[in-house]
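The values are calculated or read from the model by the stated rules, or taken from the named source; none is laboratory data. All values derive from a computational prediction rather than experimental measurement. Quick reminder, even Gly has a Cβ in these numbers, built from the backbone with ideal geometry, and neighbours come from all protein chains shown. Keep in mind that these areas ignore ligands, DNA and RNA; they rest on the heavy atoms of the full protein, side chains included. Shrake-Rupley method; radii C 1.70, N 1.55, O 1.52, S 1.80 Å.
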Amino acid sequence: MAFMGMVFGVLFLIILVIVFCLMLLSFGIAIPCKIIGKSKRKKGLRITGNVFLVLGIVFTLPFIGLAAFWIWSVTFTKVTAPSGKEYTVLTRDVGRVISYLDDGSDEAMDKLESLISRKPNLVYWRDNNYKGILERGLETGNLRMVEISLDHGGMFDDPLRFEHMAYIDNSMEEYLGYLSERSVTSDDVEILRLMFSYDVELPSYDTDMGYMYSNVFGAAFWAVTYNDEYVTDTELELMDVLIDNGKDHDPGLLLFEDHPYNIVFAADFASYLVRDDNYYEIVHIAHLDR
C-alpha cells in the first residue's frame, strides 16, 4: 500500500512538472506573438497569441487550485463528532486547545472551557493518534479536562477512538493503563467515580494470556500497587470507589510474588515496592492472604 502511494506520488509530481513546462511554453509563445502581431498589425499572430494565452491560463489553474488547497489546509482543520459528522474548525484554535492541554493548570482549563463554550466543535479534536481532550485528561489525571470534554459533547468509550486501538477496547481499560504508569491523585478518585456514573464499559482480561487479574478490580489493584514504590492513602481511596460500585473482588487476581514472571514481566519487576501498612491494607482489601 505504501509502495503504491509512492508510485502515485511520483506520477503526480511528473504530471505537475509537465503541466508547469506547458504553462511556461504557452506564455512564452503567447507574449511574443501578441507583441509582434500588434506591432506588425498581423492578425494571425494576434490570434495565435490569444490561443496560447488561453492555454497558459488553463495550465495555470491546477497551480491556483493547489495554492488554494494549501491555504485552506493550513487555515482549517476537520474534526469528527462521535456521530460521524464532520466539522471544520480553525487550525489556530486547535493550536490553542493543544497549548491549554499541555499546560493543564486551572487557568489554562478556564481558557479551554471558555474557548470550547464559544466554539463547541473544538471538543471533537483528536491528535494523529486519535487521542482527544477526554483521553488527555485520563492520561494526566486532570478532572477538569475530563469534565470539560464531557460537558461539551465528548464521551467515554467513543468508537472513533477505540476502532483504531489494537489492544485496548474501552475508556476504563485505557485509564487503568495510565494509572499503572504514574502516581494516583485525588483527581483520579473523582475521575473514577465519574466514569462509573456514566456506566462506562468495564474491561475483562484473559489470565491465559499472561494477565494476573481478570476484571476491573484486579487491573486497578495492579495499577495502584505496582505503579511506584508506595501504596498511598489516595490509592486506597481509589480502590474504595470500586468497592462502592460493587467491584470488590477478582477471582483471577495474583500478587506479583505469587507469579514473579511471565510473558510480560521480568523477575525483578516489583523489587522497588515498599511493603508497609498500606501495602498490607490493599492486600487485605483484595482478600489476599499475606
Quick one: is Tyr130 among the aromatic types (Phe, Trp, Tyr), surrounded by fewer than 22 Cβ atoms within 10 Å (Cβ to Cβ) and over 26 Å from Arg92 (Cβ atoms)?
-> no
Can you confirm whether the stretch 201-213 contains a residue that is under 30 Å from Asn121 (Cβ atoms), surrounded by fewer than 17 Cβ atoms within 10 Å (Cβ to Cβ) and in contact (Cβ under 8 Å) with a residue 12 or more places away in the chain?
-> yes
Output for the stretch 73-94, where each listed residue is surrounded by 11 or more Cβ atoms within 10 Å (Cβ to Cβ) and either basic (Lys, Arg) or assigned to a helix (DSSP H, G or I) (or both) | Ser73, Thr75, Lys78, Thr91, Arg92, Asp93, Val94
Conditions (1) farther than 18 Å from Glu139 by Cβ; (2) at pLDDT 90 or above; number of the one not met by Thr185 = (1)
Kindly list the number of the only condition in (1) within 27 Å of the chain's Cα centre (by Cα); (2) under 17 Å from Tyr167 (Cβ atoms) that fails for Tyr213.
-> (1)
Candidate set: the stretch 238-270, residues that are in a helix (DSSP H, G or I) and modelled with pLDDT under 95; chosen: the one least open to solvent (accessible area, probe 1.4 Å) = Phe256
Out of the residues in the stretch 154-176 that are touching a residue at least 40 places away in the same chain (Cβ under 8 Å) and open to solvent by 30 Å² or more (accessible area, probe 1.4 Å), state the one that is nearest to Met239 (Cα to Cα).
-> Asp157
Among the residues of the stretch 108-136, how many are touching a residue at least 40 places away in the same chain (Cβ under 8 Å) and charged (D, E, K, R)?
-> 1
